[in-house]
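Undergrad: Attaching a single structure in structure tokens format; questions to follow.
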Amino acid sequence: MKKAIILDGHTINPGDLDWTLLTELADFTIYDRTSFSTNDTQLIIERSKDAEIILTNKTPIQREVIDELPNLKYIGVLATGYNVVDIQAAKERNIVVTNIPTYGTNTVAQTTFSLLLELTNHVGLHHDAVKQGEWTNNQDWCFWKKPLIELSGKTIGIIGYGRIGQATSKIAQAFGMNVIANKRTPNKDLETSQMKFASLDELYANSDVISLHCPLTEENKGMINKASIRKMKNGVLMINTARGALINETDLAKALNNGKVGGAAVDVDSSEPINENNPLLHAKNCIITPHIAWATKEARQRLLEQAVDNLNAFLEGNSKNRLNC
């Protein structure tokens, strides 16, 4: 059997999934963690030196690693994003690189609304208040510590209208929301009485909620900034379950603190794990979760099954979800 390695298996399988379908395909060594830092090149090389197959989630496989691995034939990225791999360096060596393009659509859309509902209903805040005795000792029969917001009739602007954007739109419409979507190449056939495509400026101006679902590119990096925020409604709510660098975090923090943005909930940050100096950590009305939108057990199981399919196709001399054809 071919020598294989999983460099950071704990991320997708902290113990609640079964590796067997993978380990039946090759002679695997599984490490829970290696490194997500490009400064640990030697450790990555040392662990990978005999491998023909590498699976990685966030451990970087850059040119200096690839150049030191003469046996390497296949890199399987255990995620949709694949910037951890130097695709060009792999292509030059005819090393196959694959990813997992669709596994978390519904779970990311679900997380989007869990974040939005926390901003509008403040369930955690009120739960803590009750536990701390505020209801027991309250002179009225009920109370609320922040304004509660009804979503029905509100407009949500969805930037990026691929699978996740469309799944989010479906939930939004079920809540009675109107949807404005922005996509580089809009498909007018997707429009309904509740959902219309619009330019970014129209979306900024008319949305009560803005939710990001687009991939990160050089063109849209920092697209949420003081200039675009200035175009938005006062009190707009911002959700990001896509990529942290879509937002200029300093500008968003200022807008939260001065009330232009009424609340934000982000599952992703420009540097992960989040830097202790990130201004959003101390901004008003900002919820931050540790990049968990993808991580339901069901989604991780689909990811694992697709990784098995990708690797099995490679071993049979075929190609599935290959990135560097």
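Undergrad: Give me, ordered by chain and number, the residues 5 or more places off residue 35 or on other chains with an amide H under 5 Å from its own placed amide H.
TA: none
Undergrad: Now, a different point. Placing +1 at every Lys and Arg Cβ and -1 at every Asp and Glu Cβ, with all other atoms neutral, what dipole size does the chain have around its Cα centre, in debye to the nearest 20?
TA: Details: 34 positive and 37 negative charges, 202 e Å.
Charge dipole of the chain: 980 debye, to the nearest 20.
Undergrad: A follow-up question, please. Please report 300, 63 as a ranked list, fewest other C-beta atoms within 10 angstrom at the top and most at the bottom. Kindly include the intermediate steps, with their values, before the conclusion.
TA: On the way: 300 21, 63 14.
Fewest to most other Cβ atoms nearby, the residues stand as 63, 300.
Undergrad: Fewest first, what order do 189, 67 take by the number of other Cβ atoms within 10 Å?
TA: Values: 189 5, 67 14.
Neighbour counts put them in this order, fewest first: 189, 67.
Undergrad: Points 7 angstrom from Cα along the Cβ direction at residue 49 and residue 309: gap in nanometres?
TA: For the pair residue 49/residue 309, the computed spacing is 3.7 nm.
Undergrad: So for the chain: antiparallel DSSP bridges make up what percent, rounded to the nearest 5?
TA: Around 0 percent antiparallel, to the nearest 5.
Undergrad: Here is a follow-up. Just to verify a number: FRET efficiency for residue 173 and residue 144, C-beta to C-beta distance, R0 = 30 Å, to 0.05?
TA: Result of the calculation: an efficiency of 0.65.
Undergrad: Once a ≥ b ≥ c are taken as the square roots of the eigenvalues of the Cα gyration tensor of region 178-219, is the result rounded (a/c under 1.5), prolate (a/b larger than b/c) or oblate (a/b not larger than b/c)? Walk me through the intermediate numbers first.
TA: Values: a/c = 1.97, a/b = 1.26, b/c = 1.56.
Oblate.
Undergrad: Pulled fully out, how much extra length does the chain show between residue 41 and residue 316, if you take 0.36 nm times their separation in residues and subtract their Cα-Cα distance? Could the numbers behind the result be given before it?
TA: Numbers: separation 275, 0.36 × 275 = 99.00 nm, distance 3.08 nm.
Stretched out fully, the residue 41 to residue 316 stretch lengthens by 95.9 nm.
Undergrad: Here's something else I'd like to know. Rg over Rh of the chain, using C-alpha atoms and the Kirkwood radius, what does it come to?
TA: On the way: Rg = 22.1 Å, Rh = 21.6 Å.
Dividing the radius of gyration by the Kirkwood radius yields 1.02.
Undergrad: I need the helices of the chain that pass two filters: whole DSSP H segments spanning 18 Å or more by Cα along the axis, and mean Kyte-Doolittle score no lower than 0.0. Before the final figure, lay out each step's value.
TA: Working: long enough: 105-121 (24 Å, 0.34); 297-315 (27 Å, -0.52).
Membrane-span-like by this rule: 105-121.
Undergrad: For region 105-288, what is the relative contact order in percent, using Cα pairs closer than 8 Å and at least 6 residues apart in sequence? It would help to have the intermediate numbers written out before the result.
TA: Working: 325 pairs, mean separation 34.6, N = 184.
Relative contact order of region 105-288: 19 percent.
Undergrad: Rounded to two decimal places and with Rh computed the Kirkwood way over Cα pairs, what is Rg over Rh for region 115-179?
TA: Numbers: Rg = 16.0 Å, Rh = 13.9 Å.
Rg divided by Rh gives 1.15.
Undergrad: What is the set of long-range amide H partners of residue 324 at a cut-off below 5 Å, with H atoms built 1.01 Å from backbone N?
TA: Counting only residues 5 or more places away or on other chains, the set is 97.
Undergrad: Give me, ordered by chain and number, the residues 5 or more places off residue 55 or on other chains with an amide H under 5 Å from its own placed amide H.
TA: When sequence neighbours closer than 5 places are left aside, the close amide H contacts are 5, 6, 7, 76.
Undergrad: Too long at a 19 Å Cα-Cα cut-off: which of 3/91; 188/320; 49/73; 91/320? Intermediate values should be presented prior to the final figure.
TA: On the way: 3/91 21 Å; 188/320 30 Å; 49/73 12 Å; 91/320 16 Å.
Beyond 19 Å between Cα atoms: 3/91; 188/320.
Undergrad: Run through region 181-259 and list the GluC sites (Glu not before Pro) located in a DSSP loop whose Cβ has at most 14 other Cβ atoms within 10 Å. Before the final figure, lay out the partial values.
TA: Numbers: sites: 191, 202, 218, 219, 249; in loops: 191, 218, 219.
Those that pass, being in a loop and sparsely packed, are 191, 218, 219.
Undergrad: Something else about it: Debye sum, Cα scatterers, region 105-288, no solvent: what log₁₀ I/I(0) at q = 0.10, 0.18, 0.20 1/Å?
TA: Treating every Cα as an identical point scatterer, log10 I(q)/I(0) equals -0.40, -1.19, -1.43.
Undergrad: Can you spot the lysines whose alpha carbon is less than 26 Å from residue 254's alpha carbon? Ignore those fewer than 8 places along the same chain.
TA: In chain and number order, the partners are 145, 146, 154, 221, 226, 231, 233, 284.
Undergrad: When the Cα centres of region 118-169 and region 42-63 are compared, how far apart do they sit, in Å?
TA: If we compute the Cα centre of each part, the gap is 43 Å.
Undergrad: Among 114, 263, 125, whose Cα projects farthest towards the positive end of the dipole of the chain, with charges put on the beta-carbon of Lys, Arg (+1) and Asp, Glu (-1)?
TA: Result: 263, furthest along the dipole toward the positive end.
Undergrad: Moving on to the next point. Dipole of region 29-146, Cα-centred, from +1 at each Lys and Arg C-beta and -1 at each Asp and Glu C-beta, to the nearest 20 debye?
TA: Details: 11 positive and 14 negative charges, 42 e Å.
It comes to approximately 200 debye.
Since every read-out is calculated from the coordinates, none of them should be taken as a lab result. Just so it is clear, the structure is predicted and the values come from calculations on it, not from any experiment. Ideal geometry is used to build each Cβ from the backbone, glycine not excepted, and the neighbour counts take in all protein chains shown.
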